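What follows is calculated from the coordinates using simple rules that are stated; it is not laboratory data. Treat the numbers as computed from the prediction; the structure is a model and nothing was measured. With ideal geometry, Cβ positions are generated from the backbone for all residues, glycine too; neighbour counts draw on all protein chains shown.
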Amino acid sequence: MNIVVCIKQVPDTESVIKIAGDGKSIDTGDIKWVMNPYDEFGVEEALRIVKDQGGEVTVVGAGPARVVEALRTALAMGADKAVHIQDDDLYGADPIAVAKMLAKAIEPLSPDVVFFGQRAVDDDSGVVSSAVAEYLGMPQLSVITKLEIADGKVKGTRPIEGQTVVLEASLPAVISAQKGLNEPRYASLPGIMKAKKKPLETKTPADLGAERSDFIEIATLNPPPDRAPGKTVEGETAQELAANLAKLLKEEAKVI
Amino acid sequence: MATKFVSQRNIRFLLYEVMQAQRLADWPRFSEYDQESFDMMLDTAHRLSSEVLFPALRELDLEPPRFEDGKVLVRPMVRQFLSQAGEGGWVGATFAYEQGGLQLPVMINTACNFMFCAANYSATAYLGLITGATRLILTFGSEELQETYVPAMLEGRWQGTMALTEPQAGSSLADVAVSAEPTDEGHYLISGQKIFISAGDHDGADNVVHLMLARIKGAPAGVKGISLFVVPKLRPEGGELVSNDLATAGLFHKMGYRGCPIVQLSMGENNDCRGWLVGEPHRGLACMFQMMNEARISVGKAACAVASTAYYASLQYSQERLQGRPLGAKDPAQPQVPLIRHADIKRMLLMQRAVVEGSLSLILQAAWYADLHSHGPEEGREEAFLLLDLLTPVVKSYPSEMGVIATSAAVQILGGYGYTDEFPVEQLYRDMRIHPIHEGTTGIQGMDLLGRKAKMHQGRALKLFVQEVGRDIAAAEGVEALAPQAQRLTVAMGLLRQATEAKMALAAEGELENFLSDATLYLELFGLVAIAWQWLKQGLAAASALEGEPSQAEQDFYNGKLATMRYFFAYELPKAHGLAQRLGEDDGLTVAVQAEHFAD
């Protein structure tokens, strides 16, 4: 089984995010970068499939030089090799532009399965996996929490409002992983040492023969509003407190 | 609820900017490493800490081990963590490749383990004990013992322990009485009782391997008749594990650090408890001290880690809790301000930070000496060993003693809430209290420092320490922002020298009791000087970084470092004067006081 896992490097959710001077991007100066958590489910699933069925896992990521750190983390978890599409401007670009680059890099690898996280936790666009499926002419099983691969077919389960839907397609296919698919492993110390010696290929968009095609651009980024201060419910007796609370819930919070 | 327990930024500052840990990769032993791989290990350790260990901090306190039907039952997370630690390579990370390790520098491993301890000391203690026991078997054990025990221990499946204490022999190891009777079959028959054995029995591991001190029948009395044995709970026999006649007699209920059982063991009730000698007969204490010195540094690290978690809990609370108004503001209609706006709260935060970050710096300094001694350039090895040996009691005691005070300040900042179990600081205050006690009490450390370490090799270790500190004082004298602190440290070093001379004079006169009666105070003075030294080093790194053009967030970090350094020199180091005054007096007050004076 030849598996590709696409990885996006995103700010650690513990990092303090500040909007940059241009109002359209974030200030990346003091940010700690990590692998998108949903992508970890993809890496873990790929490693499990290869352990059972044999094969190879290639991780692919696009963006500035720092993206190599996220690729190395996947190699330390156990992936076999990595491809880095190096382009400083690709972070924050139109997802379609990113998808086109990724598709160009993935195509020559002839994968049976391509994993993505169901979305990246920084921009929440959730577009790239579908666009790559389109460019590669593959079916996509999205937001998957359970997966079976056998006899050239893939069967995936997606939870919907307490129900589940089971999807089936023939390989090759694109899968976008949702939380619950598995428990991603931690990189081991021996894994980290081995990762340094695993092949990591760097390609530029020109090497891939890919042209940037941006259809959208970010107009503005707005910080979340300051959290409104809490309100203390006033009242002398329990009845009075309850009545005032109910009033606030009804008239101000409008939840009852 | 608090979410932060360590500062990853601070750990990197200490490693790379203060200690220059990058240098380690230049030595042959660590040639496969570079800063990127160190960083990946630090990141992985932080994830394990925040995702596996920290969420179970309260669980292990609320549901301590139970003793049922002769079995010690612990929370399932213990087995899960030990298995993850085994798979992750954490048990033997610093061991040589041929021993199944990864040759990770002690310094990097210490920084990683510090995060584990801060997230959950009880859970990390199981891991530390396996590592220590495994190293002892690898260093002194026969090939057969190594093959039998080490693989399962490296995988985190078998627990290791250090079994020293007995009901009548705690700090006084000379009184160890567990006996070992030689047989013709290569093993000894062990009988007797051990108490207070940490992780001495539990269902989170498939077996327990005790590294136990015992006395071979007919051995001389005192410490020169003590030998070291491997005594497993289950012994491998004919391809399976069979009972080794080692029973758990009971479990103690502890004040804190409640997630790790401390048990009483009974060996040889049926005269079939087998032990295997490790190293030479009667040389057990020397072997055990290898594990013990390592354990003492680990205690300092753990104390510092618990104080770190309490510091961040109280810091977060002080930023969120609105209470009171600025002193000049008389209008009650004016909104209240966060606690952190009050000077006395900031004093308590600075104190905690000064203790935590000063101690961590000293611990990493000790780790640097450990790496230098074992794997550094030949010419620096002996000196590194002497410095490590000298500083070990300080590294153990300063964070332990001051950690109690620091966690108490964390409780104080939370006020009434801090005293309830709604917030984590009361647990951390209880968890901290073991550290001045285990692996040699503060009293023992004081006597070790003054009675042995300060004198050893005609005071050569102490001279080396004075040189090390002198170098950094000289560097700081040339930096405007640090000159006042350099001056204060010079004075404090003078106080330490005078105190040392006064005590050594008593020793020369043969006044042994008088010489050591205030050894704990001497240790405290030494600790203040050593931590002041580490703060000066941090000041040097911060001042130098501020000369570049760091971002606003980085400027805040470095200025916070300088502020905390100034706090230490203004509020903590002056205590040296009071200690030095007492240490210069030779009236032997506590020696002269009679037990009868306490009659009523």
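Here are the numbers for the structure shown:
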| read-out | value |
| --- | --- |
| Relative contact order of chain A, defined on C-alpha pairs under 8 angstrom at six or more residues apart (%) | 23 percent |
| Three-way shape label, the range A:78-125, alpha-carbon gyration tensor, a/c 1.5 | prolate |
| Point-charge dipole on Cβ atoms (K/R +1, D/E -1) for chain B, about Cα centre, debye to 20 | 1360 debye |
| Amide H contacts under 5 Å for B:GLY204, placed H, 5+ residues apart | B:VAL74 |
| Label zone at B:TYR571, where the point sits 7 Å out along the Cα-to-Cβ direction: the range B:291-321 residues whose backbone N lies under 14 Å | B:311, B:315 |
| Charged-residue dipole, Cβ positions (Lys, Arg, Asp, Glu), the protein assembly as shown about Cα centre, Debye nearest 20 | 840 debye |
| Net charge of Cβ neighbours under 13 Å - reference A:ASP39; Lys, Arg +1; Asp, Glu -1 | -1 |
| Likely footprinting exposure, B:GLU480, B:GLU554, B:GLU51, fewest C-beta neighbours within 10 Å first | B:GLU480, B:GLU51, B:GLU554 |
| Alpha-carbon centroids, the range A:124-180 and the range B:240-303: separation in whole Å | 53 Å |
| Proximal charge balance of B:TYR429 [Cβ under 12 Å; K/R count +1, D/E count -1] | -2 |
| Cα-projected label distance for B:GLU32 with A:ALA238, points at 7 Å along beta-carbon direction, nm | 6.7 nm |
| 10 Å Cβ neighbours from other chains, averaged over peptide B:376-385 | 0 |
| Straight-distance crosslink candidates among lysines, where the alpha carbon sits under 17 Å from B:LYS503 and sequence neighbours closer than 8 are dropped | B:LYS453, B:LYS455, B:LYS463 |
| The range A:233-241 - phi-based ³J(HN,Hα) in whole Hz, Karplus 6.51/-1.76/1.60, Gly and Pro as x | 6, 9, x, 8, 10, 4, 4, 5, 4 |
| Between the range B:394-416 and the range B:466-545, the Cα center-to-center distance that results, in Å | 22 Å |
| Of A:ILE218, A:ILE175, A:ILE160, the one that fluctuates the most in a GNM where chain A has Cα springs shorter than 10 Å | A:ILE160 |
| Neighbouring partner chain Cβ atoms per residue of B:37-46, average, 10 Å criterion | 5 |
| Inter-part distance where the range B:11-44 and the range A:46-77 are each reduced to a Cα centre, Å | 24 Å |
| Using a Förster distance of 30 Å, the FRET efficiency for A:LYS194-A:VAL165 (Cβ separation, nearest 0.05) | 0.15 |
| Mean Cβ neighbour count within 10 Å, used as a protection proxy, ranking B:356-365, B:135-144 highest first | B:356-365, B:135-144 |
| Distance between modelled label sites at A:GLU14 and B:SER171, nm, 7 Å Cα→Cβ extension | 3.9 nm |
| Ranked by how many other beta carbons lie within 10 Å on average, peptides B:19-31, A:59-71, B:94-106 from highest | A:59-71, B:94-106, B:19-31 |
| Average beta carbon contacts from partner chains per residue of B:399-410, 10 Å cutoff | 0 |
| Distance (nanometres) between label positions extended 7 Å along Cα→Cβ at B:SER544 and B:ASN270 | 6.5 nm |
